[in-house]
Amino acid sequence: MSLLTSFLHVLLVCMVIFVIIYIVWRSIFQCKGYHMKGILYNSQELIVQCLKSGTSNTVIVMGNGWNISVDRNSRITKHDPIFLIPKKELELLKEGKEDYNIITAYFPFECSGIDNSAAELAYFLNKYYYGYNIILLGHSKSAVQFAQMLNYLNGRNLKLIFVSPAFGGVISDEKVMSTLGILDRIMYRLIFVPHKVNEDITKGSFFLREVADFSKISEHESYLVRSKVWKKPFNIINNYLLHMDRKLGILGDGIIGYEEQYCDVKWKREFTVYASHSDSMAVAIQELEDISIL
């Protein structure tokens, strides 16, 4: 083994350890007990938070694919290890030409599945935002939730923007555990926590095979943004996801394969962004604002 190869192996191990420490620190200290302002709805299946009250008659419903649970006082009791309040996305949306109302939807850890959560989100929007123009801005499993929700939503014209959607599912846990080394397995388990909603977006799941129906996407003004992870100097999370993408043969954004981010419906327009799964939402918002889709 050459000196350069040894150095690269040591560097990779150090990077993995650093990211693990960072995620463990976040999951234990940074967000637990944090008071989430603007909670509009909180049930076993769905949490909705108001991020911004605007003057327009348009509401953006944003979903980043986060799992989070809050108590009756709106304090976080449990969250995904890499959870972040979507401040970067919010600031980008505020830069748009219209003064949007912006709400965001989360999956509680107690959620019984994507279909039930989708039905409850439709109930919420039908009741509280019936007279509004609605833009659905969904990332990862939230894009799947929003697409499924169309089957329950009262008839209206919507604008749909789906970024890095998990339409085809993510790689199975068994393959992850049999392919990766111990440090990578620990890291993947921190990123992708086992629970019912994540089970629903695993390749071959009962939900994807028997329940999911994305056909109504074709009835609306819909945009698909798929992402591919690309090497970025000094971006540790991005480069680690690139490493995972190559190790697992995902051929996508480090979590979801490029082909798995597609479903065969009528899209008004399709885009590709070169970003990791963790960055693709912000990158997509910026590009869509630049061409006045947002």
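No value in this document is a laboratory result; all are computed from the given coordinates. Everything numeric in this text was worked out from a predicted model, so none of it was measured. For neighbour counting, all protein chains shown are included, and Cβ atoms are generated from backbone atoms with ideal geometry for every residue, glycine included.
Once the Cα-Cα distance is subtracted from the 0.36 nm per residue extended length, the residue 182 to residue 112 segment shows a gain of 22.2 nm. Summarising the amide proton neighbourhood of residue 273: residues at separation of 5 or more, or on other chains, whose placed amide H is nearer than 5 Å comprise 226, 227, 228. Taking the Cα of residue 43, stepping 7 Å toward and past its beta carbon, and measuring to each backbone N in the stretch 135-161: which are under 16 Å? Under 16 Å, as judged by backbone N against the label point of residue 43, lie 146, 149-154 of the stretch 135-161. Counted residue by residue at 0.36 nm each, then reduced by the alpha carbon distance between them, the extension gain from residue 189 to residue 246 reaches 18.8 nm. Peptide packing for 161-167, 259-265, 102-108 was compared via the average number of neighbouring C-beta atoms within 10 Å per residue; ordered from the highest value, the list is 161-167, 102-108, 259-265.
FRET efficiency for the pair residue 292 and residue 262, taken as 1/(1 + (r/R0)^6) with r the Cβ-Cβ distance and R0 = 41 Å, rounds to 0.95. Spin-label model, residue 175/residue 99: points 7 Å from Cα along the beta carbon direction are separated by 4.9 nm. What the Cα convex hull of the chain gives, in volume per residue, is 126 Å³.
Mean projection of the alpha-carbon convex hull of the stretch 141-294 over all orientations, in nm²? That works out to 9.5 nm². Extending 7 Å from Cα along the Cβ direction at residue 10 and again at residue 56 yields two label points whose distance is 5.4 nm. Distances between placed amide hydrogens fall under 5 Å for residue 202 paired with 170, all partners being 5 or more residues away or on another chain. Reducing the stretch 86-144 and the stretch 211-256 to their Cα centroids gives an inter-centroid distance of 20 Å.
Taking 1.567 mPa s as the viscosity and 4 °C as the temperature, the Stokes-Einstein diffusion coefficient of the stretch 74-216 based on its alpha-carbon Kirkwood radius rounds to 77 µm²/s. About its Cα centre, the chain has a charge dipole of approximately 540 debye under the convention of +1 per Lys or Arg Cβ and -1 per Asp or Glu Cβ, with nothing else charged.
Among rounded, prolate and oblate, which fits the stretch 151-222 when a ≥ b ≥ c are the square roots of the eigenvalues of its C-alpha gyration tensor, a/c under 1.5 means rounded, and a/b larger than b/c means prolate? Note, shape of the stretch 151-222 comes out prolate. When the helices in the chain are scored as -39500 (n - 2.57) per DSSP H run of 4 or longer and the sum is shared across all residues, what 222 nm value do you end up with, to the nearest 500 deg cm²/dmol? My calculation for the chain gives -10500 deg cm²/dmol from helical runs alone.
Listing 35, 139, 195, 79 from fewest to most neighbouring C-beta atoms within 10 Å gives 35, 195, 79, 139. Here 129, 100 are placed in order of increasing Cβ neighbour count within 10 Å, fewest first, which gives 129, 100.
Once the Cα-Cα distance is subtracted from the 0.36 nm per residue extended length, the residue 199 to residue 151 segment shows a gain of 15.2 nm. The 3J(HN,Hα) values that the Karplus relation (6.51, -1.76, 1.60; θ = phi - 60°) gives for the stretch 89-100 are, in residue order, 5, 4, 5, 5, 5, 5, 7, x, 6, 10, 8, 6 Hz. Gly and Pro appear as x. Placing a pseudo-label 7 Å from each Cα along the Cα-to-Cβ vector at residue 235 and residue 91 gives an inter-label distance of 1.6 nm.
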